[in-house]
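Take a look at the structure below.
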Amino acid sequence: MLKRLFDILSSLLVLSIGFPFFVVISILILIDSKGGVFFRQTRVGKNNKDFGLFKFRTMKPDSEAKGQITVGGRDPRITRVGYWLRRFKFDEFPQLINVLIGDMSIVGPRPEVRRYVDLYTEDQLKVLSVQPGLTDYASLEYINENVLLEESDNPNETYVNEIMPAKLELNKKYIAEKSLALDFKLIFKTVGKLFKN
């Protein structure tokens, strides 16, 4: 109950304070390339249920048809404005709408796309027992995941066989230790990482 109250109040606060900034971002996205301001992608949430995750659009229209993994910061599908939004994680802010409506929490395992969730083992499916979030242990450990994939000869294989299992272990660690105090600790660590990134 306290976690949900915190999610609502914090998402409302950031959305309210950041509104002028978000308007500027929206205008820049529209000027930079064709397409809408937002990108909505189907992700898997609590209890294995799909929901639409909101982000600022950082790629050219129909880019997802060419693959759901983004390889490196200079993936040719990424727009000029999109590069900088991704660089500072500003593209993630619309997910606060998901937090507000109850699809997500501020802290929790990052929601995955269905094609990868379908590869989870029974043990790995335990991460779907909680609300997905904007950040957790795995988000901090793999904050530059795209750079790691860029160095791989087979990014999809590297993600499925190396990165995804490691992230899921960190997700399970969060679930085992979860508390409001831990959530605050992870939020502060995330903000610190973003400023250093």
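The values are calculated or read from the model by the stated rules, or taken from the named source; none is laboratory data. Since the model is a prediction, treat every value here as computed from it, not as a measurement. Note that we place each Cβ from the backbone using ideal geometry, even for glycine, and neighbour counts take in every protein chain shown.
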Item to check | Residue, surrounded by the most Cβ atoms within 10 Å (Cβ to Cβ), within segment 119-145, restricted to residues that are among the acidic types (D, E) and within 13 Å of Y174 (Cα to Cα) | outcome: D136
Next on the checklist: When you check G133 against the structure, is it among the small types (G, A, S) and closer than 20 Å to F39 by Cα, yes or no?
Outcome noted: yes
Item to check | Candidate set from segment 36-69 (those that are hydrophobic (A, V, I, L, M, F, W, C) and more than 18 Å from L96 (Cα to Cα)); member that is modelled with the highest pLDDT | outcome: M59
Checklist entry - Y116 passes all but one of (1) out of contact with any Asp or Glu (no Cβ under 7 Å at 6 or more places or on another chain); (2) surrounded by fewer than 20 Cβ atoms within 10 Å (Cβ to Cβ); (3) at pLDDT below 95; which number fails? => result (3)
Checklist entry - Pick from segment 1-42 the residues that are among the polar types (S, T, N, Q) and under 21 Å from the mean Cα position of the chain (by Cα): which of them is surrounded by the fewest Cβ atoms within 10 Å (Cβ to Cβ)? => result S16
Item to check | Only listed residue being free of Cβ contacts under 8 Å to residues at least 12 places away in the same chain, under 26 Å from I78 (Cβ atoms) and of a type outside the set (D, E), chosen from N161, N146 | outcome: N161
Checklist entry - Counting only residues that are in contact with a Phe, Trp or Tyr (Cβ under 9 Å, 6 or more places away or on another chain), outside any helix (DSSP H, G or I) and loosely packed, with under 12 Cβ neighbours inside 10 Å, how many does segment 146-197 have? => result 1
Item to check | Candidates P132, P155, filtered to the one that is in contact (Cβ under 8 Å) with a residue 12 or more places away in the chain and in contact with a Pro (Cβ under 7 Å, 6 or more places away or on another chain) | outcome: P132
